[in-house]
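Following: one structure in structure tokens, then a few remarks.
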Amino acid sequence: MSRHLGAGQRALLQTELEMRQRRLDQALNVRHEGSSRVEHARALLAQDEDGTSAHAMDREVDMALSDLDIAELGAVSRALARLREGDYGLCADCGAEIPFDRLKIEPQAERCVPCESTREQHPRPGRTQ
């Protein structure tokens, strides 16, 4: 269990993660009008009644925004799981403690700054960021 975060710090970060989770859930629900991602995509495609791709750019932007929200929601969910499991705040790559100031800015952070910088500079093919 990570001991570098005090109980108050952990509670603050947990609250922030839970608030982000609710905001992302709400944003996705509003964007998809309560439907699944597939149903939403189908509805967007149906907007092209004449078979042209007049709405293609709008669809691409909408799906890209949904993908970003879904990815962030996954990161937030994983962070909440790490909180429950007791290894929250430890770098997934090197095991170092992630400073509280970094976690305040990005509470779902999985890596310390040096490891995240390395990951961003040297992405592996097929790996999502």
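The values are calculated or read from the model by the stated rules, or taken from the named source; none is laboratory data. This is a predicted model, so every value here is computed, not measured. FYI the Cβ positions are ideal-geometry reconstructions off the backbone, even for glycines, and counts take in every protein chain you see.
Got a number for residues in the stretch 78-96 being part of a helix (DSSP H, G or I) and touching a Leu at 6+ places or on another chain (Cβ under 9 Å)?
4
Restricted to the stretch 83-129, and to residues that are buried (at least 17 other Cβ atoms within 10 Å of the Cβ) and of a type in the set (D, E, K, R), which residue is farthest from Gln14 (Cα to Cα)?
In this case the residue turns out to be Glu116.
Test each condition in (1) at pLDDT 75 or above; (2) not in a helix (DSSP H, G or I) for Gly34 and report the one that comes out false.
The failed condition is (1).
Using beta carbons and a limit of 7 Å, which pairs, at least six apart or on different chains, have the first residue in the stretch 95-109 and closer than 17 Å to Glu72 by Cβ and the second one in a loop (DSSP other than H, G, I, E, B) and of a type in the set (A, V, I, L, M, F, W, C)?
Arg102/Ala109; Leu103/Ala109; Ala109/Ile98
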